[in-house]
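Note sheet for the following structure.
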């Protein structure tokens, strides 16, 4: 039996005008990106696992991801500490078709690297501040839970890039957990059967579409991953137009 891969629980559509009312669970990350851009959302950044788009009014950011079980932990953290000033407000979090996710949250901009590094250090060592300590304690609890249930879990990924400044001026944490991507994708190359045993394949349809692979991998590396994944995953690739195109070439 595959081990647990966390899923986001779709919340009721909030009364926020810039968030379109879409059947999220039926849409892939590809379709969501297209729908948001068509609705006036503007691409604002690309990370290792996801693409960010800013809302037309600038108040929100949408994080659209093809595959990233670790981000569910960050959503859990925000929900565990409602109203905590060190965490962004989440307007909507939803699972997408094939294992992706979309999260709409308040926009936060990069801040001074020295300030961000100091805050990250306070988080790690203890700040003697109730709100910050509450986030750290909740994060430790969530980390322990995910570590015991989520394959290729890596834990905290807190550095200065994950401290940002919200529009109201407060500093907030973003995306403080991570997967061991190198180990996971290395296992896809070496032993896909193990990956399929440990993770639900229906939640991994777009596992090769994370931005890091597109940005950092050479053609030979991308080809090796695709050949490894598609070679024994015919059940998942049957409806994949990219795989079909490769088969027709």
Item to check | Angle in degrees between helix 71-80 and the longest Cα principal axis of the chain, rounded to the nearest 10 | outcome: 30
Next on the checklist: Can you give me the C-alpha center-to-center distance between segment 53-88 and segment 205-225, rounded to a whole angstrom?
Outcome noted: 25
Next on the checklist: With the crude spin-label approximation of a point 7 Å out along Cα→Cβ, what separation in nm comes out for residue 190 versus residue 125?
Outcome noted: 3.7
Item to check | Angle in degrees between helix 113-125 and the longest Cα principal axis of the chain, rounded to the nearest 10 | outcome: 90
Next on the checklist: Using only DSSP helix segments of four residues or longer, with each worth -39500 (n - 2.57), what per-residue ellipticity at 222 nm results for the chain after dividing by its residue count and rounding to 500?
Outcome noted: -12000 deg cm²/dmol
Next on the checklist: Quick check: residue separation of residue 109 and residue 46 times 0.36 nm, minus the Cα distance between them. What number comes out in nm?
Outcome noted: 21.3 nm
Next on the checklist: For a protection proxy built on the mean count of beta-carbon atoms within 10 angstrom, sort 54-65, 145-156 highest first, please.
Outcome noted: 54-65, 145-156
Next on the checklist: Between 143, 48, 130, where does the largest GNM mean-square fluctuation fall for the chain, given springs only between Cα atoms within less than 10 Å?
Outcome noted: 130
Next on the checklist: How tilted is helix 219-231 with respect to the longest principal axis of the chain? Cα atoms for both, answer in degrees (0 to 90, nearest 10).
Outcome noted: 70
Next on the checklist: I want to check the label-to-label distance for residue 144 and residue 37. Put each point 7 Å from Cα in the C-beta direction and report it in nm to one decimal.
Outcome noted: 4.4
Checklist entry - For the chain, modelled as a GNM with alpha-carbon contacts under 10 angstrom, which of 29, 230, 162 fluctuates the most? => result 230
Checklist entry - Points 7 angstrom from Cα along the Cβ direction at residue 89 and residue 226: gap in nanometres? => result 4.3
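Computed from the coordinates by the stated procedures, all read-outs in this text should not be read as laboratory data. No experiment lies behind these values; they were computed from the predicted model shown. As a convention, Cβ positions derive from the backbone with ideal geometry for all residues, glycine included, and neighbour counts pool all protein chains shown.
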